[in-house]
Every structure is written in structure tokens, then in C-alpha cells.
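Enquirer: Below is one structure. I have some questions about it.
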Amino acid sequence: MIIGIGGAGTKVASKLDAEATIINVSETELSKIPVAGRRILAVVHDQHGQFRGSRKNPLIGHDAYLSVRRELQEMARGSTVFSSTGGGTGNGIATGLLQDLARRESIPEAEKTSFGLILPYAPLEPAEFVRNTIDFLRGPLSEAIDSGNTGNIFLFSNRLKFESRLSEEAFNVMIVESLRVFLAIPAKNDTLRLLDGHIDPEDFGLFTARPYFNHFTYFDYDPAKPFEKQLEDNINPLLLTPEAPIEALFLVEVPEGGDPTVFYDVLQYFNDLNVAPVYSVVENPERTQPFITVAQLYSRKPAELLADFNKRNEQHAQVKVRKSLEQYVDLPKLDVNLEREAKRAVKQRGTDDDILQVLKRLGKL
Ligand SMILES: Nc1nc2c(ncn2[C@@H]2O[C@H](COP(=O)(O)OP(=O)(O)OP(=O)(O)O)[C@@H](O)[C@H]2O)c(=O)[nH]1
Ligand SMILES: [Mg+2]
């Protein structure tokens, strides 16, 4: 099942799957999503009553989690949950779910929950979004990953959206189309002629049930060139950059009658990194040259993950602080009228200097 929580989460989830279950504290936002399998309104038990959103406050989202807790825990078994990390609703509700997952003794592979998280682009998004994200990565997410009780975590970043000035809609389509390429791997193994290896839905399920970050990407593969370089040049711009892989999975599609041995270089690349990938090679008549889809699972200590994020956040926060000082702090205004000051100076000295001369001496002209 695909589940979307909060603004970003519901938009992406419903695009990926028209049958998705979407959750928000805002009835208006929920009703604006054109298609969904099910819409769940989470209720806030705050003295202020139901909000139209969580006002970027994860504590409000977490409060709302209590109203959907049982149901969401049930639905999350074997599902993929989408949420942003910057707002209040998605962050708060996902926090509750991750904390509950982390507390469980152990979770069978088939019941693991994967997460698609949308991270803000620190330089251009509000400081609250960045702060909420840091708290989320450092707290509930890292706790849940350490427990081994989550499936793959996909860390999407809004960087490309802001840098390339894409519309939200267009960017969401990119995220969904990209995910579809990765998710199509087992179906391609089922429907296309198999030339080597095999990835069945069970293999794929085991891979996505591993509690690591998943960086997947895909590109036209030129077997005459080093694979490493091609992989580097083709990291998925929608996801955070990966670290050294712990596990890997790849599918090579070759054109009709294409060389079925082009995968050995890829295998060698991963073997050199002490990774034994799950892989397969299929014949795809629609291809004119080999095409590879490759997923790498990596682990990153939250501290490392946050280092870069924090660095940017510090600069960002400083600018924000300066701006709000300028905006909100009433400094006594020194209303200096240069002409009046100059006249006064002239008078005090009792000289015949004219005003212009004084101003020049003061360095104002
Ligand atoms: N890629 C993408 N990012 C989005 C979208 N909507 C919001 N965001 C990002 O998500 C973060 C804000 O989180 P939302 O999902 O809007 O917040 P929420 O979970 O609804 O929480 P509240 O609105 O505070 O109740 C920011 O980083 C936004 O840039 C979207 O449709 N696509
Ligand atoms: Mg919202």
C-alpha cells in the first residue's frame, strides 16, 4: 500500500498510486488531492481545535498521530509511506510511526515499512523546515534505522526543484516517474525474456525490506566505458548523494539480440567493493542500447548525514536571524541630519568654513 502524509506526502503518494491512502490534519488540503483510494483526517486535540495544517509544528502533527495511530500502524505493514520532513503534519505523524516501529521487538521482512522522505533545500527554504528536518533525521529516523525495523529509506531532496526553478507539479511528476523505473524491476523480470540471473518479486521485496538508505538510478549503459565513471556521472539528482554501498541490485536491459554478457563489468565493480549484488539481464526489444537500473543501499550515521545539512543550515540560520532582527527589533533611530550637524560643527568651531568644507572633512562627500 502507498500512504501519503501531510502536504508533500499526499501529493506524491496519490500521483504514484491512484489507490493511495492519504492523511492530513487539513480537510481542505485533503479534498484538493484529485485522486486517492482513501482520505483520512487526523484530528488534533489541541485547545485551539482543528487546524488547517500543523503550522510547521511537528508537535501538532505528533498530537494528530494519536488519532490515527492504530490504523496507521496496521496500514503501514509492508507499505511505503511518503512525507516531507520540513512541515508539521508529515514530520509529526511520521515521527510517531517511526518511534512505534523502533520500539517493536522485530518485524518480519514482508511487513517492513519503507519511507519516501522529501527533504527541503536548505539555502532557499524557511529555517523552520530545515530545523524540523534536522530534528527528524537525528531523532526518530535514526532511532528507527538503528532498530533495523524499517525497510528502505528514500531521501528525496528539493534541491533540483529550487535550483532549476521547477513547478511543484512538474517536480512531483519527476519523483514519481523516477520511482516507477526502480519499482518496475520485478515486472520487467516477469515479462521480458530473461538472459541471465533473475530478480523475482520476493528478491525485490527482501532488498526493499533492508533498513538502509536506497539510492537508485538508471541510464543508458555503454559497456565500452568504465562502469564506475558512468555511475558517478549518473547519480539520481532527485535523491541525496549515496555513500559506499553495503548492498546493491541491478537490472540490465539489452536490445534484441544484444550481448548478454555486458553485466560482468558491473558485477566486477561491486565485487571490488565487497558487495555481491542481486542482478538480472533481460532482453528489451524497445531498447537500442543497453540500459541499466541500479540501486545501492548505504548506511550513514545520522551525524554524517547531518554534517552537510547542518553546515548549510548554520549559514542559513544566521542570515535568517539577521533578517528578523532588522525586521522586528526596534533600534533607537539616529536621525542624523548631516546638514544640521555640519552647521552645528561650524558654529562650535567658530570658523568661517562653509558647510561643504566640513562635510568633506567628515568624509561624507
Ligand atoms: N517536492 C515537493 N515538496 C513539497 C511539496 N509540498 C510541500 N513540499 C515541501 O515540504 C515541506 C513542507 O512540508 P509540507 O508537506 O507542506 O507540510 P505538512 O506535512 O503538510 O505540515 P504542515 O503544513 O505544517 O501542517 C517543504 O520543504 C516544502 O518545500 C510538493 O508537492 N512537492
Ligand atoms: Mg500542510
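Enquirer: If R₀ is 30 angstrom, what is the calculated FRET efficiency for the pair residue 196 and residue 111, using the beta carbon separation as r and rounding to 0.05? Write down the numbers at each step before the final one.
Expert: On the way: r = 31 Å, r/R0 = 1.05.
After rounding, the FRET efficiency stands at 0.45.
Enquirer: Would you calculate the separation in nanometres between label points at residue 73 and residue 19, each defined as 7 Å from the Cα along the Cα-to-beta-carbon direction?
Expert: Label at residue 73, label at residue 19, 2.6 nm between them.
Enquirer: For 182, 154, which order do you get if you count the other beta carbons within 10 Å of each Cβ and list the fewest first? Please list the in-between numbers first.
Expert: Working: 182 21, 154 26.
The most exposed by this proxy come first: 182, 154.
Enquirer: Now for a different question. State to the nearest 20 debye the size of the charge dipole of the stretch 236-293 about its Cα centre, where the only charges are +1 on K and R beta carbons and -1 on D and E beta carbons. Write out the running numbers ahead of the final one.
Expert: Values: 1 positive and 9 negative charges, 19 e Å.
Dipole of the stretch 236-293, to the nearest 20 debye: 80 debye.
Enquirer: Run the numbers for residue 103 and residue 288: contour at 0.36 nm per residue of separation, minus the present Cα-Cα distance, in nm.
Expert: Stretched fully, the residue 103-residue 288 segment lengthens by 61.6 nm.
Enquirer: Can you give me the distance in nm between label points at residue 39 and residue 259, each placed 7 Å from the Cα along the Cα-to-Cβ direction?
Expert: Taking the simple label geometry, residue 39 and residue 259 are separated by 5.5 nm.
Enquirer: Could you list 171, 250 in order of exposure, starting from the residue whose Cβ has the fewest other Cβ atoms within 10 Å? Mind dumping the intermediate values first?
Expert: Values: 171 20, 250 27.
By the 10 Å Cβ count, ascending, the order reads 171, 250.
Enquirer: While we're here: Any chance you could run the full-extension gain for residue 165 through residue 233? It's 0.36 nm times the residue separation minus the Cα-Cα distance, nm to one decimal. Can you show the working numbers first?
Expert: Details: separation 68, 0.36 × 68 = 24.48 nm, distance 2.20 nm.
Roughly 22.3 nm would be gained on extension.
Enquirer: I need the Kirkwood Rh of the stretch 184-300: take the reciprocal of the average 1/r across all distinct C-alpha pairs and report it in angstrom.
Expert: On the way: mean 1/r = 0.0698 Å⁻¹.
About 14.3 Å for the stretch 184-300.
Enquirer: What does the charge count near residue 182 come to, summing +1 for each Lys or Arg and -1 for each Asp or Glu among other residues with Cβ under 15 Å from its Cβ? Mind dumping the intermediate values first?
Expert: Values: positive: 180, 188, 210; negative: 17, 177, 203, 247, 253.
Summing Lys/Arg as +1 and Asp/Glu as -1 gives -2.
Enquirer: Would you order 264, 121 from fewest to most other beta-carbon atoms within 10 Å of each residue's own beta-carbon?
Expert: Values: 264 12, 121 17.
Taking fewest neighbouring Cβ atoms as first place, the list is 264, 121.
Enquirer: Now, a different point. In the calculated pair distance distribution of the stretch 219-285, what percentage of Cα-Cα distances lie above 15 Å?
Expert: Values: 1249 of 2211 pairs.
Tail fraction, whole percent: 56.
Enquirer: Could you rank the peptides 87-98, 5-16, 60-71, 275-286 by their average count of other C-beta atoms within 10 Å per residue, with the highest value first?
Expert: Values: 87-98: 27.8, 5-16: 26.3, 60-71: 19.7, 275-286: 17.9.
Order by mean packing, descending: 87-98, 5-16, 60-71, 275-286.
Enquirer: Rounded, prolate or oblate: which one fits the stretch 1-177, using the alpha carbon gyration tensor with axes a ≥ b ≥ c (rounded when a/c is under 1.5, else prolate when a/b beats b/c, else oblate)?
Expert: On the way: a/c = 1.23, a/b = 1.15, b/c = 1.07.
Rounded.
Every number in this text was worked out from the coordinates using simple rules, so none of it is lab data. This one's a predicted model, so the numbers in the text were calculated from it and none came from an experiment. For neighbour counting, all protein chains shown are included, and Cβ atoms are generated from backbone atoms with ideal geometry for every residue, glycine included.
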